[in-house]
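Reading through the structure tokens given below for one structure.
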Amino acid sequence: MGVVLTEKAAAEVKRIVDDQKLEEGTVLRVGVTGGGCSGFSYALGFDTSYDETVDSKFDFHGVSVVVDKKSALYLDGTTVDFYDGIEKRGFTFENPNAVKSCGCGSSFQA
């Protein structure tokens with residue numbers, strides 16, 4: 001199943017790529033790192049390459065998303081969205097593998 005990027009999140013990624021004038025072929029890398037108040041933290045960043053032997057690549061609404069296979073174990077079925085409200089603004093993660101999340105929404109326990 002992999003990671004899903006919503007249309008709203010894809011539009012924000014495209015805006016950032018354009019604003020920062022990132023090079024052609026830039027991909028959104030989604031991953032998991034150790035740490036955070038619940039054990040794991042989500043990682044988002046831009047990359048210019050990926051390795052088919054260790055990464056999975058998905059395309060959503062004109063944005064290429066890359067997830068390394070180790071992170072994919074924790075992110076399978078996760079939806080990345082973008083929230084733009086009065087009280088907060090940023091990317092959100094809806095992860096069916098998370099058994100516990102913290103209040104900040106950027107870390108989880110699997």
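Could you check, for segment 1-12, whether at least one of its residues is surrounded by 15 or more Cβ atoms within 10 Å (Cβ to Cβ) and touching a Gly at 6+ places or on another chain (Cβ under 6 Å)?
Checking segment 1-12: not a single residue is surrounded by 15 or more Cβ atoms within 10 Å (Cβ to Cβ) and touching a Gly at 6+ places or on another chain (Cβ under 6 Å).
Name the residue that is surrounded by the most Cβ atoms within 10 Å (Cβ to Cβ), counting only residues in segment 78-94 that are of a type outside the set (Ser, Thr, Tyr) and modelled with pLDDT of 95 or more. Give the steps one after another, and end with the answer.
Taking segment 78-94 and keeping what is of a type outside the set (Ser, Thr, Tyr), we get 80-82, 84-91, 93-94.
The next check asks that each one be modelled with pLDDT of 95 or more; those that pass are 80-82.
Values: Val80: 24, Asp81: 17, Phe82: 18.
Restricting to residues being of a type outside the set (Ser, Thr, Tyr) and modelled with pLDDT of 95 or more, the top hit is Val80.
Considering only segment 1-91, give the strands (runs of 3 or more DSSP E) lying wholly within it that have at least 3 residues that are free of Cβ contacts under 8 Å to residues at least 40 places away in the same chain. Please lay out each step first, then the result.
Numbers: elements: 27-34, 40-47, 55-60, 63-68, 79-84.
In segment 1-91, 27-34, 40-47, 55-60, 63-68 are the strands (runs of 3 or more DSSP E) which contain 3 or more residues that are free of Cβ contacts under 8 Å to residues at least 40 places away in the same chain.
The values are calculated or read from the model by the stated rules, or taken from the named source; none is laboratory data. Quick caveat, the model's predicted, so the values are computed rather than measured. Neighbour counts run over all protein chains shown; Cβ positions are idealised from the backbone, glycine included.
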